[in-house]
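Values in this text are rule-based calculations from the coordinates and carry no lab data. Please read these numbers as outputs of a predicted model, since none were measured by experiment. Cβ: placed from backbone, ideal geometry, glycine included. Neighbour counts: every protein chain shown.
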Amino acid sequence: MPSAQTLQQVATPEVRAWVRAQAALGHTVPTLLKAMRAAGWRASVAREVVAGTLAAPAPVPVPKTAIGTGCRVDAGDRQIDVLMQMQEPHIVVFGNVLSEEECNALMETARRRLTRSLTVAVKTGGEELNDDRTSRGMFFTRGENELVNRIEARLAKLLDWPIENGEGLQVLQYLPGAEYKPHYDYFDPAESGTPSILQRGGQRVATLIIYLSTPEAGGATVFPDVGLEVAPQRGHAVFFSYDQPHASTLSLHGGAPVLAGEKWVATKWLREKQFI
Ligand code: PD2
Ligand code: ZN
C-alpha cells in the first residue's frame, strides 16, 4: 500500500491504481480501508479515496505527446517547440504549431461559416445553445481540404495519435466579452445522451487548442484546478489529456473572457477509437 503523504493525504494516480488492482484481485472494501489505515491514511480520507476510485471508470490510454522529449518535437513537416509541460494534469504548451499563413487561411475559410457555438446536449446527445459559451464557431470535416489535411497529419505526428481518432477541426471566434466557462471536454458517463455520443469513436481522451490569433487582452485558457493560465499567442497551442471521464483528471478548463481584440482558436479533440 503506498503510504499517505504526511502533510496532505492525496489520492495520486498510483494510489488509485493500487485500489483498483486490489479490488480486481477480490479484496473487499473493508480490507482495503484497513490496509490504508495501517499505512497512515485517515479513515475518512481513505473511505473517500476508495469509494471515489471504484466509482470512476478505469483509465484508458491517452496521447503521451512530448513526455520525455527535449524542447522540440518532430511533427513531420514542422519542428514544434515545447514551451511548457506539466505531468499531472498532463498539459503541454507548444509553439510554432501553425505558421501565420496557416492561421490566416483557417480563419478566412472559417469566417463565412461561423454560427453561434453550440455545446453537446448531454441529455439527448444532440446540440444546444448554452450561455456558458458565447463564441461563434464552425467545424471542418476531417480531411476537408489540402490545408486541413496537412494540419491533421502534422497533429497526428505531434501527438502520436491516429488521424482517424480525431474529430474534425473546430474553429471558434471570440469577440470582446465572449468566453467559454470552465467545463470538461469528456462526455459525462452519468448523462443519458452519452452512450449514443460514444458510438462515434468512444470517449474524448485529449484536447489540443491552437491559437489562430493573439487578442490584445484577456482570453487565456484557464485550468482552475491547478491555477494555470495559458496566454493565447498566434501559432501556439495548449494540449491536455484525460485518461478517465472524471474530475480527478484535473482537466477542468475554460476560456477567460476576451477583454480587447479577437481571439480565434482551432480545437482538435481526440477520441479513444476511430471517429466516424
Ligand atoms: O478557447 C479556449 O481557450 C477554450 C477553452 C476551453 C476552448 C475550449 N475549451 C474547447 O474548445 O473545448
Ligand atoms: Zn473545452
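Summarising the label geometry, the points placed 7 Å from Cα in the beta-carbon direction at Lys64 and Ala23 lie 2.5 nm from one another. Positive-end ranking of Leu155, Gln199, Tyr211 along the dipole of the chain, with charges on Cβ about the Cα centre, is headed by Gln199. Each listed q (0.13, 0.18, 0.30 Å⁻¹) maps to a log10 I(q)/I(0) for region 40-91 from the Debye sum over equal C-alpha point scatterers, namely -0.56, -0.74, -1.15. If R0 is taken as 51 Å, the Cβ-Cβ distance between Ala121 and Gln79 corresponds to a FRET efficiency of 0.80. Comparing mean-square fluctuations of Trp18, Trp161, Trp264 from a GNM of the chain with C-alpha springs under 10 Å, the top value falls on Trp18.
Rounded to the nearest angstrom and listed largest first, the equivalent-ellipsoid semi-axes of region 94-149 from its Cα gyration tensor are 26, 13, 12. Relative to the longest principal axis of the Cα atoms of the chain, the long axis of helix 146-159 makes an angle of roughly 30 degrees. Put simply, the Cα atoms of region 150-194 extend 34, 32, 14 Å along their principal axes, the longest span coming first.
Projected onto planes of every orientation and averaged, the convex hull of the alpha-carbon atoms in region 168-242 covers 6.1 nm². Return the FRET efficiency for the residue pair Asp132, Val10: r is the Cβ-Cβ distance, R0 is 45 Å, and the value is rounded to the nearest 0.05. The calculated FRET efficiency here is 0.95. When the Cα convex hull of region 1-148 is projected onto planes of every orientation, the mean area is 14.2 nm².
Our estimate of slack between Arg37 and Thr141, defined as 0.36 nm per intervening residue step minus the Cα-Cα distance, is 32.2 nm. Lysine pair count for the chain (Cα-Cα distance under 25 Å; residues 8 or more apart in sequence or on different chains): 10. Any chance you could run the full-extension gain for Lys181 through Val45? It's 0.36 nm times the residue separation minus the Cα-Cα distance, nm to one decimal. Full extension from Lys181 to Val45 adds 46.0 nm. Using only Cα atoms and rounding to the nearest 10 degrees, what angle (0 to 90) does helix 29-38 make with the longest principal axis of the chain? Once rounded, the angle reads 80 degrees. Among Thr249, Thr134, Thr28, the largest mean-square fluctuation in a Gaussian network model of the chain (Cα springs under 10 Å) belongs to Thr28. Overall size of the chain from C-alpha positions, given as principal axis extents largest first: 61, 44, 36 Å. Simple point charges give the picture: +1 on the Cβ of Lys and Arg, -1 on the Cβ of Asp and Glu, and for the chain a dipole about the Cα centre of about 660 debye. Taking other residues whose beta carbon is less than 14 angstrom from the beta carbon of Lys181, and scoring Lys, Arg as +1 and Asp, Glu as -1, yields -3. For the chain, the longest principal axis of the C-alpha atoms and the axis of helix 43-55 are separated by about 50°. Taken over region 122-214, the convex hull of the Cα atoms encloses 123 Å³ per residue.
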